[in-house]
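What follows is a single structure, written as structure tokens, with notes after it.
The values are calculated or read from the model by the stated rules, or taken from the named source; none is laboratory data. Note that this is a predicted model, so its numbers are computed, not measured. So basically every Cβ, Gly included, is an ideal-geometry build from the backbone, and we count neighbours across all protein chains shown.
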Amino acid sequence: MHNIYLFQPQYAVEYRNENNYWLPYSVGCIWSYAQQFDRIRDNYRVADIIFRREHPDDVLARINEPAVCAFSCYVWNKNYCLHLAERIKRRWPKTRIVFGGPETSGRMIRYDFIDSLIMGEGEENFLQILDDHLAGKDPEVFYEKRRLDQLDIPSPYLIGMFDDIMSRYPTAVWSMSFETNRGCPFACTFCDWGTVTYSKVKRFDIERVRADLEWIVGKNVDYLVCADANFGIFKDRDIEIARIIRDVANRSNLSTVNLQYAKNSSEVVFEIAQIIGDLSRGVTISMQSMNDLTLEAIERKNLEINDMSKLLSMGEERGVATYTEVILGLPLETKDSWRRGMTDILELGQHQSIDMWLTQLLENSELAQLASRQKYGIKSILAKDYMPLFNKNDYRDIEEDIDLVTATNTMSTEDLIESYMFGWMIIQFHISGYSQIWSRHLREVNGILYSQYYDHMWQLLQTHHFWAAHYQDIRDIISTYLHTGRISRMDRRGGHGMSSMSFEYLYRNRYQAYDFAKEVAAEFDFYDITVDQIQRCLLHDNSIKPTIWLLDRHPITWRPDPGKWQVITRPLAEGLDFYSLRRRGFLKNKFAKV
């Protein structure tokens, strides 16, 4: 019997003071597919699954005469996997070392300890590798991008693939991936999703999906992520799946669901979000950029059929949270287009959540290839400390890195730093609520554009007696990271979430932020005591006394909506960091009619 070792090591997530581990779904799928054949079951056994970032010496101590070692490789484990693979090959030279996953590319042939690379979907390719090994054939270097005709893969959950590792960690909390389909009809150049899975979307049988979700009941699974590229693309089916998720959550320990919604958002995704309810952070309305030239360059122009303003209004009407993601450093973006884009997002009606990321050059994305780098003058740096996960139980001596854009032919590194800080200001002051009442009243009632208000804030911020020092501190962190690939002040959010480093600082100094927003409003010769009171009451504070205002406008949107309004305070949820508190809306009070 030949021993197979499967590797999908990931960082543990520390959430609510508990260790949360990911179930290794990807390697589970390749084995669950292969084991359905008698010749495989009769000749191979999975001796171990390495799903944690353990000390390499501890991993090697458990390995015994490995025939095949298969690694699922992505940005959070590539260097760790390469290190383990090299040590295994040195100790057991006859072992077949196989790499697959989104970060696997032809460039890995330079590692002489890797025997085979699986390019694309892994199930049939992995089966072929095992058959070739049984037949005594020399391994091929490339097992090319085969796709399954039918997604009839036995579920790794239902065959008991993870029973052993869950029993070895009886007190652990688990995160779980599931699929309802594979494929993405879009070809965004910054993404490797469509490249890896091709454009045609294929569906898993819905009873298989139902069974995977029902498996959660009775397990200590807290977090569920759907690995589809566009959940909601199949209207009736996906609504039914959402109802299954909601029902399973009602009967299990599941508390959070992460769905990657269809990029062409529609009324369907809002119906799904209403069904999922408080399990989810809401509906993604992603723009990546507001610059038309950039959208054409990254092949997102075909998504312009989205009426973002209409979708945001739909979310507001249905009581569904929305969030918008933007990516800094994409082709043809400029400092000026970025700044206008950030305020244009506010003009369209996004006031709940904006997430800002730096452009990553993923291994198999079009943007990472030489032709794109040359065309757009892309410069980049291999940055460390990117992952926003710092669990003391993880082995971190082997550092991961990610290729980040630091400049293009339309945006220098200094332009990128300044643009990042402008986005930081919008997220910290407007989205977090410290200036939102002033700026929205000025926009709706006084006709002052968001760009006017925040351009004034931008000028005052950098020399302000209280805020300039913190602004410069964050700017120095960003600058150091983009010039050296290292974070000068470690934060648990890592390079991925540098814009969120200030959430706690602003909350602790929320009244200084409140005063600053008032100063900016004064630049427009505006002051209104009711607006002032409402802005003050928006900031979370359990000591706020119930106050009732008789208004002819809504106290947040300032659109006509006469009535009596009262502030509603909520206690901060225990065990959450400030990133989670802000994302879930706990740092802002609510208003309701009475």
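Which condition number does residue 272 fail, the rest of (1) out of contact with any Gly (no Cβ under 8 Å at 6 or more places or on another chain); (2) crowded, with 20+ Cβ neighbours inside 10 Å; (3) not in a loop (DSSP other than H, G, I, E, B); (4) not polar (S, T, N, Q) being met? With (1) out of contact with any Gly (no Cβ under 8 Å at 6 or more places or on another chain); (2) crowded, with 20+ Cβ neighbours inside 10 Å; (3) not in a loop (DSSP other than H, G, I, E, B); (4) not polar (S, T, N, Q) applied to residue 272, the lone miss is (1). Being small (Gly, Ala, Ser) and over 25 Å from residue 171 (Cα atoms) is the requirement here; does residue 262 meet it? Here the answer is yes, as residue 262 does meet what is asked. The set of residues in the range 154-165 being crowded, with 18+ Cβ neighbours inside 10 Å and in contact with a Phe, Trp or Tyr (Cβ under 7 Å, 6 or more places away or on another chain) consists of 156, 157, 161, 165.
Among the residues of the range 203-228, those identified as out of contact with any strand residue (DSSP E or B) (no Cβ under 8 Å at 6 or more places or on another chain) and in a loop (DSSP other than H, G, I, E, B) are 205, 215, 217, 218. Between 120, 101, the distinction of being outside the structural domain of residue 394 (by TED's automatic domain parsing), more than 21 Å from residue 398 (Cβ to Cβ) and in contact with a helix residue (DSSP H, G or I) (Cβ under 8 Å, 6 or more places away or on another chain) belongs to 120 only. For the range 406-459, filtered to residues that are free of Cβ contacts under 8 Å to residues at least 24 places away in the same chain and part of a loop (DSSP other than H, G, I, E, B), the residue that is nearest to the chain's Cα centre (by Cα) is 412.
You will find that of 343, 406, 413, 359, the residue that is touching a Lys or Arg at 6+ places or on another chain (Cβ under 9 Å), surrounded by 18 or more Cβ atoms within 10 Å (Cβ to Cβ) and in the same structural domain as residue 500 (by TED's automatic domain parsing) is 406 and no other. In this structure, does residue 156 turn out to be in contact (Cβ under 8 Å) with a residue 40 or more places away in the chain, out of contact with any Lys or Arg (no Cβ under 9 Å at 6 or more places or on another chain), not hydrophobic (A, V, I, L, M, F, W, C) and not in a helix (DSSP H, G or I)? For residue 156, the condition - in contact (Cβ under 8 Å) with a residue 40 or more places away in the chain, out of contact with any Lys or Arg (no Cβ under 9 Å at 6 or more places or on another chain), not hydrophobic (A, V, I, L, M, F, W, C) and not in a helix (DSSP H, G or I) - is met.
Across the range 156-173, the number of residues qualifying as within 19 Å of residue 257 (Cβ to Cβ) and at pLDDT 95 or above comes to 1. Please enumerate the residues belonging to the range 108-136 that are within 18 Å of residue 92 (Cα to Cα) and free of Cβ contacts under 8 Å to residues at least 12 places away in the same chain. Of everything in the range 108-136, those that are within 18 Å of residue 92 (Cα to Cα) and free of Cβ contacts under 8 Å to residues at least 12 places away in the same chain turn out to be 112, 136. Within the range 115-134, take every residue that is within 30 Å of the chain's Cα centre (by Cα) and hydrophobic (A, V, I, L, M, F, W, C) and give me the one that is nearest to residue 39 (Cα to Cα). Top of the filtered list is 126. For the range 208-230, the candidate set comprises residues that are of a type in the set (A, V, I, L, M) and surrounded by fewer than 20 Cβ atoms within 10 Å (Cβ to Cβ); within that set, the residue that is modelled with the lowest pLDDT is 227. Residues of the range 539-572 that are touching a residue at least 40 places away in the same chain (Cβ under 8 Å) and among the hydroxyl-bearing types (Ser, Thr, Tyr): 557 alone.
There is no residue in the range 169-177 that is surrounded by fewer than 18 Cβ atoms within 10 Å (Cβ to Cβ), closer than 26 Å to residue 117 by Cα, outside the structural domain of residue 69 (by TED's automatic domain parsing) and not small (Gly, Ala, Ser). Regarding the range 488-504, can at least one residue be identified that is among the basic types (Lys, Arg) and under 27 Å from residue 444 (Cβ atoms)? Checking the range 488-504: not a single residue is among the basic types (Lys, Arg) and under 27 Å from residue 444 (Cβ atoms). Exactly one residue among 272, 276 is in contact with an Asp or Glu (Cβ under 7 Å, 6 or more places away or on another chain), closer than 23 Å to residue 255 by Cα and in the same structural domain as residue 250 (by TED's automatic domain parsing), and that residue is 272. Looking only at the range 533-549, which residues are assigned to a loop (DSSP other than H, G, I, E, B) and buried (at least 19 other Cβ atoms within 10 Å of the Cβ)? Result: 540, single match. Looking across the range 356-372, just one residue is of a type outside the set (A, V, I, L, M, F, W, C), under 17 Å from the mean Cα position of the chain (by Cα) and not in a loop (DSSP other than H, G, I, E, B), and that is 360.
Of 68, 27, 98, all but one fail to be part of a helix (DSSP H, G or I) and buried (at least 16 other Cβ atoms within 10 Å of the Cβ); the exception is 27.
Against the criterion of being of a type outside the set (Ser, Thr, Tyr), closer than 19 Å to residue 328 by Cβ and either in contact (Cβ under 8 Å) with a residue 40 or more places away in the chain or in a helix (DSSP H, G or I) (or both), residue 506 does not qualify. Is at least one residue of the range 394-405 at pLDDT 95 or above, more than 17 Å from the chain's Cα centre (by Cα) and not in a loop (DSSP other than H, G, I, E, B)? Yes, the range 394-405 contains at least one residue that is at pLDDT 95 or above, more than 17 Å from the chain's Cα centre (by Cα) and not in a loop (DSSP other than H, G, I, E, B).
If the condition is being in contact (Cβ under 8 Å) with a residue 24 or more places away in the chain and surrounded by fewer than 20 Cβ atoms within 10 Å (Cβ to Cβ), then the range 137-149 contributes 139, 140, 141, 142, 144, 145, 146, 147, 148.
Among the residues examined, residue 533 qualifies as of a type in the set (S, T, N, Q) and within 23 Å of residue 549 (Cα to Cα). Inspect all residues belonging to the range 558-565 and state whether any of them is under 20 Å from residue 514 (Cβ atoms) and surrounded by fewer than 17 Cβ atoms within 10 Å (Cβ to Cβ). Looking for residues that are under 20 Å from residue 514 (Cβ atoms) and surrounded by fewer than 17 Cβ atoms within 10 Å (Cβ to Cβ), one finds none in the range 558-565, hence no.
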